[in-house]
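The values are calculated or read from the model by the stated rules, or taken from the named source; none is laboratory data. Please read these numbers as outputs of a predicted model, since none were measured by experiment. Backbone-built Cβ (ideal geometry, glycine too); neighbour counts: all protein chains shown.
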Amino acid sequence: MTFLPRSFPPFSGPLIAGRLSQKIGLAAGLGIFVALLAMAPPDNLSPRGWTVLCVGVLMTVLWFTEALPLTLTGVVPFIALPLLGVNPADKVAASYFTPVLFLILGGFFMALAMEKWGMHRRVAMAALNRAGGSARSILLAVMATTAVLSMFVSNSAAMLAMLPVALAIIAATGRPSGDEPEQRRFGQAMVLGIAYSATLGGFGTIVGSPANAASVAIFQKIYGTEISFNLWAAFGLPLVLIAVPLAWLLLSRVVFPFRMAALDRAALRSAIGNAGRWTGTDFRLLFVLGAALAAWIGMPLVRLALPAMSDAHVAILAAMALFLIPAGGGRSEALLQWEDTKAMPWHLLVLLGGGLALADAINSTDLSRWLQLHFAGVSHLSPWVQLALLAGATLFVTEFVTNTATVSAFLPATVALAGSGQIDPVVLGMVTAFAANWGFMMPAGTPTLALAYGTGRLSVPQMVYAGALMDIGGVVLILAVVLGVGGLVLGT
């Protein structure tokens, strides 16, 4: 997940240099939009379909330049589509909500409760206290723990929970002056490793990132197929299990190679500190989170008794339990109170709704069929090449644009590739979703990378170099995992 905890200032995504670029983006977007509307629709495309395409181009330009706040760009379909005669306002408004958004909402509440009671930090400390003693094993333990945390709390919350621990570990490795370069490289690998793992862990579950849930919701609008919690995890968990060790090897062996003797375990424990004993509050919160996870995993069994049950129902029921179950320990409050929700990114629901409304408009016109016909020329390429082009283009754009906006812009266009029938739509959806979340190059690209750069231990060229290697390897890894799992799970 990508919303920020209360201890970190709001961050909207990639930083656009100054207000001039925003003005240029707004002027360019509106200019292109008006010019396209004035043109006659191309062959085989109706005026309604052409209008939807024009609105999609406008939203893409506004998203990519952040000429408007992302949430305001999300309401463009509600304004433009009814006024231009595509769909009535009530139908467009209905497109802004879907059961998957309830899944996002419940995930927000659960992550907020974990942050409130420090569960994410407690898990991190427990895992690190059981790690090996070598510098590389400590680095791997820190990265793995961060990735696990990031599956259930925001990426930035996982980063903030682990960063003080990592800095304490780095300080505890102080060596004589002759070894200072080794310590410096170890510290650089540690800080950047946490940032990478906080992003990679979000791939593991639908609730790991709003962009994941946006992908599921838009995919269902376009293809009429549900991607369940388990189906997502079938693709996401293998990617996490492979990507985190590979990122560890890249940082510790290639980008920042270091050789350090075994670390002093007593010094590390002293530096990390003691999280204290588990309390009744911890166990009550753990019960709610565990019950939700068990229900998601066991959804086929749950549906035997309750056929209408869905992943979104589980998320909302768990959220309601957090507001009803007392925290205990002499406290009169519940595990979660409404005042706590002020830190939640409510605006993301509107942003996601804009992508859903655009996808619904594409399906309600002949634009979907036209896109398939227009891109039929790529069908002579192998599915590997088609997917590689899709992953590469999506990954490049997400280096400069927020993940959710990239998904909203790229996923509807996958119908062009799906039209040939060579590639399973689920495979297309997963490749797009993973590539949209992958960017690792730009220090201002995500809150986790910004936090890593803010430690002062990394230069921009170092981050770009390491991120470029991650991005290149990411295209190959995403394709290998999605096609491999797709062959086993989907029979493709």
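Structure values in brief
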| item | result |
| --- | --- |
| Criterion (at pLDDT 90 or above, of a type in the set (G, A, S) and within 31 Å of the chain's Cα centre (by Cα)) met by exactly one of G49, G56, G74 | G49 |
| Filtered residues of segment 339-348 (kept if buried (at least 16 other Cβ atoms within 10 Å of the Cβ) and farther than 11 Å from L70 by Cα) | D340, A343, P345 |
| From the options G491, G473, residue that is within 22 Å of F256 (Cα to Cα) and surrounded by fewer than 17 Cβ atoms within 10 Å (Cβ to Cβ) | G473 |
| Tabulated pairs, segment 340-357, first in a helix (DSSP H, G or I), second hydroxyl-bearing (S, T, Y) and at pLDDT 80 or above, C-beta under 6 angstrom, 6+ apart or interchain | G353/Y96; L356/S95; A357/S95; A357/Y96 |
| Some residue of segment 413-433 being out of contact with any helix residue (DSSP H, G or I) (no Cβ under 8 Å at 6 or more places or on another chain) and under 24 Å from D366 (Cβ atoms) | yes |
| Residue match in segment 221-239 (condition: part of a loop (DSSP other than H, G, I, E, B), modelled with pLDDT under 85, in contact with a Ser or Thr (Cβ under 9 Å, 6 or more places away or on another chain) and not hydroxyl-bearing (S, T, Y)) | yes |
| Residue ID - modelled with the lowest pLDDT, chosen from residues in segment 439-467 that are surrounded by 22 or more Cβ atoms within 10 Å (Cβ to Cβ) and of a type in the set (G, A, S) | G445 |
| Qualifying positions in segment 64-95 - more than 16 Å from A361 (Cβ to Cβ) and in a helix (DSSP H, G or I) | F64, T65, L70, T71, L72 |
| Among the residues listed as A40, A27, the single one being assigned to a helix (DSSP H, G or I), more than 22 Å from the chain's Cα centre (by Cα) and loosely packed, with under 14 Cβ neighbours inside 10 Å | A27 |
| Subset of segment 327-338 that is free of Cβ contacts under 8 Å to residues at least 40 places away in the same chain and of a type outside the set (S, T, N, Q) - its residue that is surrounded by the fewest Cβ atoms within 10 Å (Cβ to Cβ) | G330 |
| Extreme residue, modelled with the highest pLDDT, among residues of segment 357-403 that are in contact with a Phe, Trp or Tyr (Cβ under 6 Å, 6 or more places away or on another chain) and of a type outside the set (V, I, T) | L395 |
